[in-house]
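Worksheet: one structure, shown below.
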Amino acid sequence: MIELVEKQSSIKLLEGEQRIIVENSLAKSTSVEVMPNSSLVHYRLNKGNDNKLSVKVHENASYKLITLQIGNGTLDIDVSLEGAKAYCQSDIAYALNKEDKMTIVSNFVHNANETTSNQLIKGVASGNSYATFEGKILIPYDKKKVEGNQQHRALLLSKSATVKAVPALEIYADDVKCSHGSAIGNLNQEQIYYLQTRGISKEEAYKILTSAFLREVTDGIDAEDLRTSFEKEIAECLLLNV
Amino acid sequence: MSALLEVKNLCVNAEDKQILNGLSLSINPGEIHVIVGPNGAGKSTLSNVICGDPRYQVTSGSITFKGEDLLKQNVDERARNGIFLSFQSPVEIPGISMSTLMKYALNSHRKAKGLPELDAVSFSKLIRECAKKFEITNEMLKRPVNVGFSGGEKKRLESFQMAVLEPSFCILDEMDSGMDVDAVKIAANGVNLMRSPERSFLIISHNNDFLYEQIKPDVVHVLVSGNIVETSDASLLIDIKNNGFSRFLNKGMN
């Protein structure tokens, strides 16, 4: 496994396995192509920018994305599964505060048989922030044995924060398994009470539970330095360390 | 001897329904008290009210702990002053490991006492020692709090936390439910290991044999319809085991 730490606008993986780490992507548009039988792990952080990510996954290839979206900006993700047995796992964490406005639009197209996509989107909105998530899974009519999953979970930390979710499934085929779900809520009072009975203050319990919520995404990063820096970005954005 | 915990004429509501009706209870340092009673009598309510659960409203009466008015303290203050609740069904907390939780909890306790945070070596030594007592593996400590554990494992993890935090008053709500015979023995051993002249226990259970044989409590109370209707020594457990609660039922308020 090779680590590349750079800012780039085009990634094409011809063979083998590779791990690409893009720390704070400045590229307006990034295209990724994962050629047959290869596998790519892609970590990225986007802070305050508008950016577009276009991904093509070919036959028997796998693409795993973990991305952190902080603050203002838009993230457009187009994933197209182009060859049989192509696989995509896309995990997104977002954190917003103050007057931040953020939009994530994801578009997954299953253009081949036996393709699978799994999406997990988890976000925390604080202050007066406003987040929009639009996610679409498209499965054309002649495709077989396709599986597509999309789960969006958001946590509202203040009464004036808003999260809007628009999930959509467009399925024109029969032999498919698809699921999607979206839940937007507040911190769990039972969990806060439990932490308090252990001597932890209410304020600290909020911080612990908020970080824990997004850790489901960041825990997937197997590079410790990067995982720590992602968690730090989240803590800074949501003022969890004060 | 002045009582560690003194509950006087406590009335408690949950969502406008009265659950405790003028309950009084006094527990001295070093004593183990057991509360038995039919389902819905208010046993878990009492446990949670002592801890300050915001779902319940105390409408009258008082609770004094170590001579201080407990009702003026919030949940975490009570915990840092030495009250610990082993939950009947502990909530799952994904995204945070048991060992991280204990680090936060222990440091909160230490901070309140004006002590510095424990260094990493002393912390892991303490955690290992306590884990051993309740047969908690390293892997269990790394997993998210209460996620994917069996009922018995969850109870053992509650006991483990109790050992780490060294409270002066331990409430064990349904401490043996969902546990097999071996797990019950581990939990009972834990109570006996932690028993000391300064530490008191309030244990809620339906398993009279277990309480009588493994714990040997000092005092047994029968709670019916929100009030204590009988208080005696451990032999009361055998009486109830043989004769049930029926003779107490007409003594409750309702």
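The table below lists the values:
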read-out	value
Test: residue in the stretch B:78-97 that is more than 13 Å from chain A (Cβ to nearest Cβ), farther than 19 Å from B:A187 by Cα and either surrounded by 22 or more Cβ atoms within 10 Å (Cβ to Cβ) or not aliphatic (A, V, I, L, M) (or both)	no
Residue in the stretch A:45-80 that is most open to solvent (accessible area, probe 1.4 Å), counting only those that are part of a loop (DSSP other than H, G, I, E, B) and within 11 Å of A:V34 (Cβ to Cβ)	A:E59
Residue match in the stretch A:209-223 (condition: within 14 Å of chain B (Cβ to nearest Cβ), under 30 Å from B:N48 (Cβ atoms) and part of a loop (DSSP other than H, G, I, E, B))	no
Filter pass, A:D174 being within 14 Å of chain B (Cβ to nearest Cβ), open to solvent by 70 Å² or more (accessible area, probe 1.4 Å) and in contact with a Lys or Arg (Cβ under 9 Å, 6 or more places away or on another chain)	no
Wholly enclosed strands (runs of 3 or more DSSP E) of the stretch B:52-101 bearing at least 2 residues in contact (Cβ under 8 Å) with a residue 12 or more places away in the chain, under 19 Å from A:I200 (Cβ atoms) and of a type outside the set (A, V, I, L, M)	B:83-86, B:93-97
Helices (runs of 4 or more DSSP H) contained entirely in the stretch B:104-221, each with at least 1 residues that are under 26 Å from B:L237 (Cα atoms) and either within 14 Å of chain A (Cβ to nearest Cβ) or of a type in the set (G, A, S) (or both)	B:151-165, B:181-194
The stretch B:191-206, residues that are surrounded by fewer than 16 Cβ atoms within 10 Å (Cβ to Cβ) and among the hydrophobic types (A, V, I, L, M, F, W, C)	B:L193
Filter result (closer than 19 Å to B:E166 by Cα, open to solvent by 20 Å² or more (accessible area, probe 1.4 Å) and within 11 Å of chain A (Cβ to nearest Cβ)) within the stretch B:54-77	B:E77
B:I238, sole failed condition from (1) among the β-branched types (V, I, T); (2) in a strand (DSSP E or B); (3) touching a Phe, Trp or Tyr at 6+ places or on another chain (Cβ under 9 Å)	(2)
Number of positions in the stretch B:207-254 that are under 23 Å from B:P29 (Cα atoms), of a type in the set (D, E) and surrounded by fewer than 16 Cβ atoms within 10 Å (Cβ to Cβ)	2
Where A:Q189 falls short, out of the listed (1) within 14 Å of chain B (Cβ to nearest Cβ); (2) open to solvent by less than 30 Å² (accessible area, probe 1.4 Å); (3) polar (S, T, N, Q)	(2)
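The values are calculated or read from the model by the stated rules, or taken from the named source; none is laboratory data. The model shown is predicted, which means the values in this text are computed figures rather than measured ones. Don't worry about glycine lacking a Cβ; one is built from the backbone with ideal geometry, like all the others, and counts go over all protein chains shown. Areas reflect the complete protein model, heavy atoms only, side chains present, ligands, DNA and RNA absent. Shrake-Rupley method; radii C 1.70, N 1.55, O 1.52, S 1.80 Å.
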